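Report on the following structure.
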2 protein chains.
Amino acid sequence: MGSARLKHYGWGREGEGMTDAEQAFVLGRYRQKFGRDSFNTIAVPKLGDLKLPEPRITPPASLAPICSTDTYDRAAHTYGKSYPDYVRAMLGDYDAAPDVVAYPRNEAEIAAVMDWAEGAGAALTPFGGGSSVCGGVECRVDGSRYKAAVALDMRNLGRVVEVDKTSRAALIEGGAYGPALEAQLKPHGMTLRHFPQSFEYSTLGGWIATRSGGHFVSLYTHIDDFVESVRVVTPRGVLETRRLPGSGAGPSPDRMFIGSEGILGVISQAWMRLQAQPRFRAGASVRFPDLFSAARAVRAVAQAGLYPSNCRILDPQEAFNTGAANGSVAIMVLAFESGDHPVDAWMARALECCADHGGATEKANAAEAHREGAAGLWRNAFIRMPYAREFLTPAALINDTFETSITWDRFESFHDKVKSATERAIETATGIKGEVTCRFTHVYPDGPAPYFSFHALGRHGALLEQWQAIKDAASDALIEAGGTITHHHAVGRDHRKWYDRQRPELFAAALRAAKRELDPLAMLNPGVLIDP
Amino acid sequence: MGSARLKHYGWGREGEGMTDAEQAFVLGRYRQKFGRDSFNTIAVPKLGDLKLPEPRITPPASLAPICSTDTYDRAAHTYGKSYPDYVRAMLGDYDAAPDVVAYPRNEAEIAAVMDWAEGAGAALTPFGGGSSVCGGVECRVDGSRYKAAVALDMRNLGRVVEVDKTSRAALIEGGAYGPALEAQLKPHGMTLRHFPQSFEYSTLGGWIATRSGGHFVSLYTHIDDFVESVRVVTPRGVLETRRLPGSGAGPSPDRMFIGSEGILGVISQAWMRLQAQPRFRAGASVRFPDLFSAARAVRAVAQAGLYPSNCRILDPQEAFNTGAANGSVAIMVLAFESGDHPVDAWMARALECCADHGGATEKANAAEAHREGAAGLWRNAFIRMPYAREFLTPAALINDTFETSITWDRFESFHDKVKSATERAIETATGIKGEVTCRFTHVYPDGPAPYFSFHALGRHGALLEQWQAIKDAASDALIEAGGTITHHHAVGRDHRKWYDRQRPELFAAALRAAKRELDPLAMLNPGVLIDP
């Protein structure tokens, strides 16, 4: 981790990245895939070479100490981590840089920045770790409606304020990054156990605002169910929901803010439900002849009421790409964990479900299985993968993912339609056959959350158009076939076109009306979710 | 069940009720409690004796076949089943009777009734089974704002439209009563397994609109998590959410309608997640020296990640009242069930948790334990209890319940404050010492849902005032001590005063704005949740 500052281009902090060996492994896979010895690689402009537009507004003296107009701060808050974000940053396009980046230290300062920005006619975009892969933190605003753009970085609200061990809950500030949050819980023997892929570079407030998907494959798939109550700073004041284990008093107020993606307010604090540190584990990798037989086993496990912490599957090609298998088999990584009791009975029954569907167990009931074998290889690839894009993009390699969910009755045809539409689009857009792979990230009794990765060899000068053509085809296919445009990556700006087809129009009207009440001048994160 | 019509006064259908032996048992407990040989009992007016106001509007010819202005229909839709409902009905007060009762047979007719009522300046109150215990279905409207009141009874939309066994889900109409819904699922080997106490006389749409609490003590406590998608008829059109196992696309549209209590629209259909019929069960009754030690055992089980289907506790007095114990011990009824695997490992660990907190097991691992012993006695009392109020009220016996939830760290002091405030209020209001007992209906890792019952000997002529004084004191105490005004009985009209203190004002503003969008003339269920 370290305390270096976050990169303005790339994943994580300055000085971090894949090792030479990891880079060689990843590039080797692509050389093999596209039959090339090398790739046409361009240079990414250095920070000192960037030309940013002049800031259009200046913070008042009272806010100056917590605001910055430095090139670094503005550049580091221009983009999230989506594929088009990388391309535009690589091309030195920083037109959408925020004019000012504010770093409030408490709720009063959030409110003060909000009041100032509203008065100045500026848009304000809440910024957690900046790991959005759907254009959720980009400040690109309509210059006729907004006079400027302010990014509100929550990193200084990073405390675990209170821990209630009896109820297993903690009051945590919205700007707390994953590792810092867990480090503060650890002395209490507790853990939030929410580990999205972006864990190191994302925040509690960001997770709640985007309905982040985490560690648990079942039951507690999204952050949603861990939220006991929230505090939200809106342009019309602060609101706080009551801390309750469960309630039936009207539509859930929490659920209006969970997934609100910064358009209704800034999540300053939340009471979160915690877990005990796991003391018992069982893990196994299971091989299946193909994705669909693995999926039938997942369905059996998901409908058995066993609630595994992991039950993820990779199709044969994805297992190969991550180094977890040789390309001839689909892999399931299965795990149970508990802070309370041995989980052998759970694991035994899950393995029976797998055997019923042709699964062959590689290794079972080993407490460390989640760190070893195929599971360990995948786990490592999962954590390191985000570092790849910063060197793949300059090599014109288009590597992206999209995720969805679908009911079991439609899964197989859904998978085939989405995969083939994406494959066709890659070949049409780039002229070269690409690759589309699938895994499951989360599972429900009524359906899986399939996660697709695609790989294409693009052409410098056309990368954005090529990516967009592929993204359009994939998104059209999945919306037409009944999926959701996002299971846990959020809507942001990139998914708007399909979200607009997915959500009922009358719900959008209701959400717009709610926003007008809390944010009458529509200053918060314009472009995201709805047009006010 | 039978096909007799629903009573206009009392629980269930005409001809049903407690047996003489059951009545004798219940009244015996009250004679003992209050040291009386008999109670001053008045007669409830018969249907033919009721004087209802003349209907203020007449449905158009096109709707006449599905509308009624008969005294029976209007009287049977005047009230829900709350204590003040019984008193007012017993006193022959039917001033709030709806002018017209409509029985639409499909969505088009719902919309037609809505359009007509809106045009006529009438309020419209959706009506499921009419089992509301919080004034959720009462049409009492402000005569200056609304020209009349229409009740929309959903009973003719009672079909299970489609069953998807692969995904374990079914599309069910909003007016389906519990038994009919289960009967239609049974041939498919599936069950919704949502069994609120009102199961026989409540509907799917009502459950969703009120966030009904059901069979499962943990995990699937409310109907909320069984909802895969909804269709809602609003005054501005029909909306349908996408059928998805999980999604992260913006704030959940379903969650806006779950708990909306009829103020945003009428739930015409929903895709619901189903369960397999349980094939494996384990059950036990466990005795504890007192409520708090039982509660500590519940906490241990709830935090162990075992997810029992039942883990309910009764304090010593409540166990005595239901005939489950002799008054010297608290009782836990513990059960696991599965359609997939034996649950012995789960039960064994849960019983260890109980033993750790001083629990003595009465009977363990008996598949039929849920029908036998203390569990069986309680189960029977639970199902039959609603029939008691119709003969207790005319005897001036005030018998009511209220339910809430609270985090574990506050539970013990919360319990004592609420219980003593209610006891004091009973004595002040009636001059006679009453009784307040407590059980848990649902449990969460972060806290229980305590359910209080109270018993008072009131006085004819003052019952409403006496009840209100007790209700006020209890509600004030639980809101002040941090609870929710309702865990699964909904807000309705009776809980408004405390709901208004509980929900954030800015959330109410947002909800009001959403309502204005869907129901611009505020015709839907006025008085419930918010004032438009």
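Worth a mention:
- Relative contact order [Cα under 8 Å, 6+ residues apart], chain A, whole percent: 15
- Taking amide H positions as modeled 1.01 Å from N, with prolines and chain starts lacking one, the residues under 5 Å from A:I398 and 5 or more places away or on another chain are A:A456, A:L457, A:G458.
- Measuring r between the beta carbons of B:S38 and B:T401 and using R0 = 22 Å, the FRET efficiency lands at 0.30.
- Under 5 Å from the amide H of A:A123 lie the amide H atoms of A:K147, A:A148, A:A149, A:V150, each residue being 5 or more positions distant or on a separate chain, with H modelled from the backbone and absent for Pro and chain starts.
- In this rough spin-label picture, where each label sits 7 Å from Cα along the Cβ direction, the B:K186-A:E465 distance is 6.5 nm.
- Bridge orientation summary for segment B:20-153: considering DSSP beta bridges with both residues in this region, about 20 percent are antiparallel.
- Residue order, fewest to most surrounding Cβ atoms within 10 angstrom, among A:D446, B:D224: B:D224, A:D446
- Length-normalised contact order for segment B:101-169 - Cα pairs under 8 Å, 6+ apart - percent: 42
- Each Cα pair under 8 Å and six or more residues apart adds its sequence gap; the mean of these over the residue count of segment A:280-386 is a relative contact order of 42 percent.
- Residue order, fewest to most beta carbons within 10 Å, for A:F216, B:F280: B:F280, A:F216
- Ranked by how many other Cβ atoms sit within 10 Å of their own Cβ, fewest first, the residues B:L392, A:L291 fall in the order B:L392, A:L291.
- Estimated FRET transfer efficiency (A:E14, A:S293; beta-carbon r; R0 41 Å; 0.05): 0.35
Each reported figure results from applying straightforward, stated rules to the coordinates on display, with no laboratory input. A quick note: this is a predicted structure, and the numbers were derived from the prediction, not measured. Positions of Cβ are backbone-derived with ideal geometry, glycine not excepted, and every protein chain shown enters the neighbour counts.
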